[in-house]
């Protein structure tokens, strides 16, 4: 641990290269080699038995598309990985390796662009597997496999079924893989993909090779396009397309401008309906994934007034 402290200059802020729900990541050199050191939050450190078991198994994983876990300091919650530059994609082989690991399959739980890195030969590798979940049994998709009270992952890449039920399966990773693939195809942020996907589905049906497989314009195509057109016109009337909306006006869950903002125990502000629905099923923050100390919500009157004032100044 002393060596890690010295290498990171006692965890200097200027060496931070990433931060997420589990902790901060520092870049440094150990034994003349670049490494990434992840320092976990206290909640993760407290589960020491589970931590040790998973680190023991994960440290034995070797695959061309996996970033290596070099070592760990359980007493301080540090994980040491090989360091790779940030990159995107070509992770299907790595996921297949994890999901088919023996004796138990492994679910990554936090697949996202930031966790897919490139080496100097532009070979993609999956990173941040130190807190992946080992699944003791493999059962059909319609059966609960593993249920968690504290969720892991990143909001827009998190399997909706996992968010709703806490159930972990290999296909939770497949969902995130699909989102990233769609981002590569469309060049859009993960939160804006729903409309793009629906339009693509309509376009694919319209361009079917066989005439009988193509949809009717009046009954199948126009209703979808009208719905999107109405939404676009509404945004135009609000001036959202021409006016820069302050990022703090958006609900982190809905990714929409808030009408009734409330502050949760994690310090973030959410749309009231959205955070109430979240808290009815979870006891962790949707942003940090850390356990919330209490579930009481406080109205953010200042932000609400600012949003209302901003809306009143928008040209309709």
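The values are calculated or read from the model by the stated rules, or taken from the named source; none is laboratory data. None of the values given here were measured: they were computed from a predicted structure. Note that each Cβ is placed from the backbone with ideal geometry, even for glycine, and that neighbours are counted across all protein chains shown.
Below are the figures for this structure:
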| quantity | calculated |
| --- | --- |
| In segment 151-180, residue surrounded by the most Cβ atoms within 10 Å (Cβ to Cβ) [restricted to those that are more than 21 Å from residue 252 (Cβ to Cβ) and in contact with a helix residue (DSSP H, G or I) (Cβ under 9 Å, 6 or more places away or on another chain)] | 173 |
| Pairs with Cβ under 9 Å, 6+ apart, first in segment 63-89 and outside the structural domain of residue 31 (by TED's automatic domain parsing) and surrounded by 15 or more Cβ atoms within 10 Å (Cβ to Cβ), second in a strand (DSSP E or B) and modelled with pLDDT of 80 or more | none |
| Residue count for segment 241-277, restricted to those that are touching a strand residue (DSSP E or B) at 6+ places or on another chain (Cβ under 9 Å), in a helix (DSSP H, G or I) and modelled with pLDDT of 90 or more | 3 |
| Selection within segment 186-200 - in contact with a helix residue (DSSP H, G or I) (Cβ under 9 Å, 6 or more places away or on another chain) and surrounded by fewer than 12 Cβ atoms within 10 Å (Cβ to Cβ) | 189 |
| Residue in segment 10-29 that is loosely packed, with under 14 Cβ neighbours inside 10 Å, under 21 Å from the mean Cα position of the chain (by Cα), within 26 Å of residue 170 (Cα to Cα) and modelled with pLDDT under 80 present | yes |
